[in-house]
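Here is the structure we will look at.
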Amino acid sequence: MIDSSCPGRPRRRLALVSVLLLMLVVSVSGTSGTAQPARAAAAAYVTINGAGSTWSQNALDSWRRDVVQFGMTVNYAGTGSSDGRNQFRSGTVDFAASDIPYGIKDGNNLDEPPSDTHPFAYIPVTAGGTTFMYNLKVGNRRVTNLRLSGSTVAEIFTGGITMWNDPAIAADNPGLRLPAIRVVPVVRSEGSGSTAQFTQWLLATQGAVWREYCAAARRDPCTQTSVFPVVPGRGMVAQAGDLGVAGYVAQPQAVGAIGYVQYSYAIQAGFPVAKMLNQAGYYTEPTPGHVAVSLLKAKINMNKNDPRVYLTQDLSQVYVNDDPRTYPLSGYSYMILPVSLNNPMTLAKGETLADFGKHALCQGQTKVNALGYSALPINLVQAGFEQLRKIPGANVGNISIQSCHNPTFSTDGTNTLAKNDPMPPACDKRGPTQCATGTAGAKDEDTPVRDDGRDGGGGDPSADPTDGPSGNPSGGPSGGPGGGTPDPGSNPETDVACDPDSADCGVGGGVGNGGDPNVLAQPVSAEADLGNGFRFALMALAGVLLIGIGLGPPLIAQAGARRRQRESDGGPLPGARP
């Protein structure tokens, strides 16, 4: 018989289970990787508007989607860095994003910062690489492992190289026999931070080639520029935004096209990017770890007394970083923030903007590696939080930096992402061999290569790797190793390279790939390592308890009622012994 002398037991059990469930829910919330902004839940965020960089737009758009759950609406228009700075200066947007700061001279024009009545601050929000996305085939097979030296890139984007079978390109690619089709350089049509960073690199490392092009474009003085000067007759195409450039290159009919975009656009489009030759003599792409390594050499202006330059970057030492993992065209992009209550900024907008910036610097950095960027190092995150506190209406609070679970953070202050970044494989070193593995959005698609450099022009492996092809200091077309006549016995559709370690000569064997170059370092804290699995286990247990609480009491009550009814009728209970 059921003991009816203690009717409160089921209620006590239910209360106990409810308390346990509440504790589990609180624990799950506490371990969540998405921390809510420190603010009163009842207060509503106001909408904020921004404009500017398309280089950083994929990250910004991801963060904008993230914060919808907190009630934030952040509008952003990718109109180019130049337009973003102009709109912020004129007061038509609440914030801007730009790949370069104010105050840079473009030809004879100085990009003046906002007036003293409209003070501002920079915070770095994205790190990444400017890449060369391309559309190239040999026969019916797509090329996904193209390599380019800096001098070859410069010749392509100034019209000096016009065919894909040019000897200079052949010297960079000893395992490929590229087709005799035209190179179509695709540049930006509007004011662009990507163009400014690219032409700054051209001026610093390929000065003679860039100055010759400036003369042809009638640009005097010859400086870096945000608007790429298109010289008629040099076969260039201009498109708006990174998305426009990537969209043009990705067209099926655009075989032969190559354009500069942020790495994430090539990943999204499913297209490869060219590996660039670095100072150490290795061809690399801007994986998160390679960018982190590269930017260890970036000089960050730490003059807090001059907000017009504080936290801005000098990349000159990045270009010549001799670490084999370096990607030369690595850099940062910034948000430009108001620090006074001038139109259109209000205290309510300032609160929203600061909380959005906090998400970008903290939780937002945990997602950028997968998008095609590289998480910011701890010193820039800390400096960014101090900048956010200057925004009128900001309620940043005393956030624990370690709670951000940024993959660069460590207990000893070193950049974990850079420290754990693997070295490039031997087949990416300049010489007679070439890796078969694809890059960016085509990293799982290998391109068969030959390993003897017969007609691809492998160059002299004993030459100084920092020089041009075959030791030519200019690095330009020399008519040297790439100019041999094709071997009549070779077939670019079937010839493949053999793995030097395993002697495997299968098609698409991935010669010496050395593992996935996209390996990401993990945070050193145990909570970050265990967070996802533990959180999911707690959520599953909480779900089971919730179902039990909802269904258990009615089923128990119903069974008890049937049992009591049978007893009152004098009949035997099911399963009871006679």
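The values are calculated or read from the model by the stated rules, or taken from the named source; none is laboratory data. Computed from a predicted model, the values in this text were never measured in an experiment. Note: ideal-geometry Cβ built from the backbone for every residue, glycine included; neighbour counts use all protein chains shown. Keep in mind that these areas ignore ligands, DNA and RNA; they rest on the heavy atoms of the full protein, side chains included. Shrake-Rupley method; radii C 1.70, N 1.55, O 1.52, S 1.80 Å.
Annotations
- Antiparallel DSSP beta bridges within the range 180-298, percent to nearest 5: 25 percent
- Extension gain, I401 back to D322 (0.36 nm per residue minus Cα-Cα distance, nm): 25.3 nm
- Measuring only protein heavy atoms, the 1.4 Å probe finds E112 accessible over about 100 Å².
- Lysines whose Cα lies under 26 Å from that of K443, excluding same-chain neighbours fewer than 8 positions away: K137, K275, K367, K419, K429
- Residue ranking by accessible heavy-atom surface, 1.4 Å probe, largest first, among V125, V209 comes out as V209, V125.
- Note, ³J(HN,Hα) from phi for the range 141-151, Karplus 6.51, -1.76, 1.60, rounded to Hz, x at Gly and Pro: 9, 6, 8, 10, 10, 4, 10, 9, 7, x, 5
- Spatially proximal lysines relative to K304 (Cα-Cα < 16 Å; intrachain offsets below 8 disregarded): K390
- Residue-count net charge about V227 - beta-carbon cut-off 12 Å; Lys, Arg +1, Asp, Glu -1: -2
- Working ranking of peptides 424-435, 287-298 by packing, defined as the average number of other Cβ atoms within 10 Å per residue, highest first, is 287-298, 424-435.
- Modelled FRET efficiency - R0 51 Å, L341 with R182, Cβ distances, 0.05 increments: 0.40
- At full extension, E386 and V230 could sit 52.0 nm farther apart than now, given 0.36 nm per residue minus the alpha carbon distance.
- Among D116, D83, the sequence by solvent-accessible area, most first, with a 1.4 Å probe is D116, D83.
- The range 192-343 shape via C-alpha gyration tensor axes, a/c threshold 1.5: rounded
- Figure note: D444, D172 ranked by solvent-accessible area, largest first, 1.4 Å probe, ligands and nucleic acids not counted: D444, D172.
- Protein heavy-atom accessible surface, 1.4 Å probe, per residue over the range 155-273: 33 Å².
- Heavy-atom accessible surface of the range 342-451: percent carbon and sulfur, 1.4 Å: 51 percent
- 1.4 Å probe accessible area per residue over the range 366-426, in Å²: 41 Å²
- Extension gain, A426 back to V309 (0.36 nm per residue minus Cα-Cα distance, nm): 38.1 nm
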